[in-house]
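I have placed the structure first, in the form of structure tokens, so that the comments after it can refer back to it.
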Amino acid sequence: MEILGILVCLSFIILGSTALRLIKPNTTSEMIAWQEFASSHQLQFMARADDPDHAIITGTLQDCFFFLKSAQEETGTLYTFISMRGHHFNFDETNRDYLRVFAQCGEMLRVKGILEADSDGKRVSYKESGIITDSEYLVSVVNTLSSLVKICPNIVDLGGEAIPELHQIAIRAKILQKVIDELLVGISKNSKQRWSANVLKLWCPHCLAHYDQRWVNQPPLKRVNYFGCRKCGQSRHSFEFEGKMVVVLDDETSIEQSQQDGELRVNWQQRRSLFDFDEIEIIRATDEDVERFAMQVGNDTDKVQKSRYGEMRCVVLANSQLSENSMRVLKRVFSKLEIREPQSNSGHLSSNEPANKSL
Ligand SMILES: [Zn+2]
């Protein structure tokens, strides 16, 4: 029995070493392919003297730092690893093509390995089992990495506004899933570095809505949180404001915003959309406008503002000439309705005190 056991063990060892040999590459032809790739792209090829299966290629390729190596998993399987790190990044806010080109990279790439990125997007890598020797295939992988590493940092810079499109891309191009997850981590980190110290004072200049902590909760995306506009989700632009936000109906002025006495006063007739206001002031408006405004508020689906309307103060100037019906409509939406006599400073929006926007 003992002899039989030893024989079984020996056969396993022999089979094991055969299996290990079988998955080793044909060193000569494969490393020659890499040497040719390195020399045709002016890169440096280095192989370990004691193990020619382990080689690296380094250098500058397509304006990026290029690194390629062969290495061995613990299981003994050889793999090819390629990484590219970008040198120059010029974020252009007017360029809306970053996400389109990013999606194209993922949709056109036909590979079976794993694409990954650093969270700042400045380094992108690819890993595939076995030694890649098909030079055409290798070049296509390298070209994709080169494009990605130039685009990914810009997507991180785009911030929260990139997230809805990244969600769609993650569904269409699964190869980009891990890259997208890391870019989301980058967007989260960036927003926290920029905004966490004073997030409660921040407003989105587009929506005039508060900044807030937002969760990305859209499978298959990684679940992360970041600071951005609670309405549109963008996290690039904000302005600081701590006072009262007043929505003003005043058809005698064309000024949209003014800041006075700690209030940011926004003319609804110029803006025509709702925002995070704390109080309503009707100086002069037609009955049609008041009803349209009240209807917008009544139909507002924004849960945060909706829960506040019932408690909001709505001031109507006594000389606003609103009909009884308009007053009834306002009373229905805002229970705290006040009639105020006009003062010398009638509350009109003033052009010499513009809103202090800091983008
Ligand atoms: Zn917004």
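Details
- Using a cutoff of 8 angstrom between alpha carbon atoms and counting only pairs six or more residues apart, the relative contact order for the chain works out to 10 percent.
- Per residue, the chain reaches -12000 deg cm²/dmol at 222 nm when only DSSP H runs of four or more residues are counted, each adding -39500 (n - 2.57).
- In the range 82-167, the GluC sites (Glu not before Pro) that fall in loop regions by DSSP, at most 13 other Cβ within 10 Å: 93
- Of all DSSP beta bridges confined to the chain, the antiparallel ones make up roughly 70%.
- Translational diffusion of the range 23-183, µm² s⁻¹ [Kirkwood Rh, Cα pairs; Stokes-Einstein; 10 °C; 1.306 mPa s]: 97 µm²/s
- Site pair residue 213 and residue 72 shows an inter-label distance of 4.8 nm when each label is modelled 7 Å from Cα along Cα→Cβ.
- Local electrostatic count at residue 91 - Lys and Arg +1, Asp and Glu -1, tallied over other residues with Cβ under 15 Å: -1
- Looking at the range 72-117, the chymotrypsin sites (Phe, Trp or Tyr not before Pro) that sit in a DSSP loop and have at most 13 other Cβ atoms within 10 Å of their own Cβ are 91.
- Least to most buried among 312, 46 (fewest other Cβ within 10 Å first): 46, 312
- Per-residue ³J(HN,Hα) for the range 101-111, Karplus 6.51 cos²θ - 1.76 cosθ + 1.60, θ = phi - 60°, Hz, x for Gly and Pro: 5, 4, 5, 4, 4, x, 6, 8, 7, 10, 9
- Taking the C-alpha atoms only, the angle from helix 177-195 to the longest principal axis of the chain is near 40 degrees.
- Restricting the calculation to Cα atoms, the range 244-340 yields a radius of gyration followed by a Dmax of 12.2, 33 Å.
Since every read-out is calculated from the coordinates, none of them should be taken as a lab result. Just so we're clear, the structure is a prediction, and the values are computed from it rather than from any experiment. Here Cβ is always computed from backbone atoms with ideal geometry, including for glycine, and neighbour counts include all displayed protein chains.
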